[in-house]
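So the structure is just underneath, and the comments pick up after that.
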Protein chains: 2
Amino acid sequence: MNIYDISRKAGVSIATVSRVLNGSDKVREATKQKVLAVMNETDYTPNVFARGMGLNSMRTIGIMCPDVSDAYTANSVYYAEQNLRAFGYDTLLICSGYELENKKKSLKLLLSKRVDAVLLISSSYIEHKTADMDYIRDAAKEVPVAVVNGYLTGDNIYCSYCDDYHATYEVTRALLDKGRRNILYLYRAYSYSGIQKMSGYKAALEERGIQPRDAYIVLVENSISRAREVLHELDKQGIVFDSVLSAEDTFAVSAVKYAKDRGLSIPGDLDIIGYNNSNLGECTEPELTSIDSRVKTITVLAVKMLMDVLSGKQTESRVCTPCNIVKRETTDF
Amino acid sequence: MNIYDISRKAGVSIATVSRVLNGSDKVREATKQKVLAVMNETDYTPNVFARGMGLNSMRTIGIMCPDVSDAYTANSVYYAEQNLRAFGYDTLLICSGYELENKKKSLKLLLSKRVDAVLLISSSYIEHKTADMDYIRDAAKEVPVAVVNGYLTGDNIYCSYCDDYHATYEVTRALLDKGRRNILYLYRAYSYSGIQKMSGYKAALEERGIQPRDAYIVLVENSISRAREVLHELDKQGIVFDSVLSAEDTFAVSAVKYAKDRGLSIPGDLDIIGYNNSNLGECTEPELTSIDSRVKTITVLAVKMLMDVLSGKQTESRVCTPCNIVKRETTDF
């Protein structure tokens, strides 16, 4: 018997059960009595939210990410740890890798440590098949789960993500306004945010009556040198492009190197746009225009959602933050 | 009464006490009896090492680093977490910042969580005043402490570091062999490894009868754009340099940009060497020669030392790993 069962049996939301457990005065008396009746009836021990209140709590949040050596992830883990500590919570860190089976094992391990809540950091936790995320929904029956940069529905699941779709939509429009027609799109993964980014690119093209072409949407492994080779290969295949929109800063670096190899001027002959506004963008010459996916803001918001739900406060279950477009030297719009 | 007191009272090393606690057969019977007698006499509860054996253990290691968003640190935390998990240990992460008072508070907090051991990741935990590290030595009276990329003596303290001194010594010699005489040295901190690096640079100069000049040893804040300005300022002050040895890859990136600004050829007019072999080195044109400080190797070794001591095995208290010099395009030696 867990909080999920209580909410179902009582016919109220998990948030309402939580508020009853926390003695909130925002619950109607009749609802409160109904919830308490179900609890009595089922001998429910309110461990999940009681933990959050410091009763029987380890005051520990489990952070799961695929790979903390990834720069974006490392930033998010940093902000999460700092914020959680400010709220008096410890951080138990686990790196799950990218394989579904290992993600499942890692989350199970975290739950076995009796963490008060789980923070998933990476859009790669959003799988293509909904059923493949049942292990996350199952976890959310035990403790609140927040996802940084992913979108997933379910009871007791909280998502903080940035609006990647509108960011690529906006820059693609700007490139079209400039007169670009052959915009190459480079990406490394069909992750949740990967798909958002690609959709924004396609939508801006379609809106202008341009059919997105498969040859211009290229999957590349995450390596500067490999992406540089790929650009030369495309060139040899006669795929002409006048701009590069990249879902990673690494590929934008490769595009700068490719332009040098070919004697192309940037942004005269080639516009280049990266993603994540990492420190790589400052290393190239010219420096990269890059989409800032707001890692600090979305992480802080995800932590706040967890803290709110653990203290029985009302909270949104999804928060979307717009990206910033950081204009430097590889574009002129 | 802790393991440190037992070892002192019995007149044996902490490792010996640990071996007695773990029933190792490598301890002479007389020594064993002496240790057990002291334990009986003082009513000692062997919590520290018993924890490592799974008796009463949380099987959790506390990782403390100043800032996990730093790329080098993020890599080290990643390898540490993966290795600890392979040994069946969880990772409790805390980011202490760089201020001594906050370091002390953070370590105290970790110990209060009853971790089995502590892993300090950063040479910045090595303070200039020995007394300022007493808080680490005090922690080591309770649990084993390992330091990644730092050198600190004390009972129950284990250090895994790379040989920064010989790395800068070697590249400085190579620059001198090439005929360079005005080698600029850029650094960002007087951390333990920072001082090692600088010493290697100075030693190679002195060996050739060249007195290191203060004007050529420049402290810079960790910013690509700021270091680029600093190089132009040095130039205006008439400080002529024919090569740049940098304790950070970021400054080497700045040096590449400075050379472009001034129309200098690399490495014809200016050799440039970075540090850490980060992905920044691949972004510049030409790509950076950089000293690889072996983050994976030294982290894995630090974890191994902790695992050995927790299981009562004999272990070195200090392990030094040589750096690799990764030669790319900004040097020609």
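The residue A:5 and residue B:113 beta-carbon pair, evaluated with R₀ = 51 Å, returns a calculated FRET efficiency of approximately 0.95. Each copy carries residue B:314; placing its label point 7 Å along the C-beta direction from Cα gives inter-copy distances of 6.8 nm, listed from smallest up. For chain A, the residue among A:40, A:303, A:289 whose Cα projects farthest onto the positive side of the dipole built from Cβ charges is A:40. Specify the angular offset, from 0 to 90 degrees and rounded to the nearest 10, of the alpha carbon long axis of helix A:71-86 from the longest principal axis of the alpha carbons in chain A. Once rounded, one gets 30 degrees.
Rounded to the nearest 20 debye, the dipole size of chain B about its Cα centre is 920 debye, using +1 on the Cβ of Lys and Arg and -1 on the Cβ of Asp and Glu. Computed about its Cα centre, the charge dipole of segment B:235-333 is approximately 480 debye, with only Lys, Arg, Asp and Glu carrying charge at their Cβ. With the convex hull of its Cα atoms as the shape, segment B:232-273 has an orientation-averaged projected area of 2.7 nm². Taking the Cα centre of segment B:208-281 as reference, the dipole from Cβ charges on Lys and Arg (+1) and Asp and Glu (-1) amounts to some 80 debye. Could you give the angle, 0 to 90 degrees to the nearest 10, between helix A:100-112's Cα long axis and the longest principal axis of the Cα atoms of chain A? The angle comes out near 30 degrees. Between residue A:28 and residue A:87, take the C-beta separation as r, use R0 = 35 Å, and let me know the FRET efficiency to the nearest 0.05. Approximately 0.75, to the nearest 0.05. Here each label is just a point 7 Å from Cα along the line to Cβ, and for residue B:177 and residue A:128 those points are 5.3 nm apart. Starting from the label point of residue A:11 at 7 Å along Cα→Cβ, the same points in the other copies fall at 8.1 nm, in ascending order.
Take every DSSP beta bridge with both residues inside the protein assembly as shown and express the antiparallel ones as a percent of the total, to the nearest 5.
If I count the DSSP bridges inside the protein assembly as shown, around 10 percent turn out antiparallel.
Copy-to-copy label distances for residue A:33, where each label lies 7 Å from Cα along Cα-to-Cβ, are 7.7 nm in order of increasing length.
Lys/Arg Cβ at +1, Asp/Glu Cβ at -1, dipole of the protein assembly as shown taken about the Cα centre: which of B:256, A:246, B:240 is farthest positive-ward? Sorting the options by dipole projection puts first A:246.
Treating r as the C-beta distance of residue B:317 and residue A:264 and R0 as 60 Å, the FRET efficiency rounds to 0.60.
What accessible area per residue comes out for the protein assembly as shown, rounded to a whole number of Å², with a 1.4 Å probe? On a per-residue basis, the protein assembly as shown sits at 40 Å². Its residue count N fixes a reference of 2.2 N^0.38 Å for segment A:64-106, and the Cα radius of gyration divided by that reference is 1.24. Of the two radii for segment A:220-330, the radius of gyration is 1.17 times the Kirkwood radius, both from the alpha carbons; that is the Rg over Rh value.
Here chain A is treated as a sphere whose radius is the Kirkwood value from Cα pairs; by Stokes-Einstein at 10 °C and 1.306 mPa s it diffuses with a coefficient of 74 µm²/s. Here the simple spin-label model places points 7 Å from the Cα toward Cβ, and for residue B:327 and residue B:222 these points are separated by 3.0 nm. For the protein assembly as shown, the equivalent ellipsoid derived from the alpha-carbon gyration tensor has semi-axes of 44, 41, 18 Å in decreasing order.
The values are calculated or read from the model by the stated rules, or taken from the named source; none is laboratory data. For clarity, every value in this text was computed on a predicted model and none was experimentally measured. Quick reminder, even Gly has a Cβ in these numbers, built from the backbone with ideal geometry, and neighbours come from all protein chains shown. Note: areas computed on protein heavy atoms with side chains; ligands, DNA, RNA excluded. Shrake-Rupley method; radii C 1.70, N 1.55, O 1.52, S 1.80 Å.
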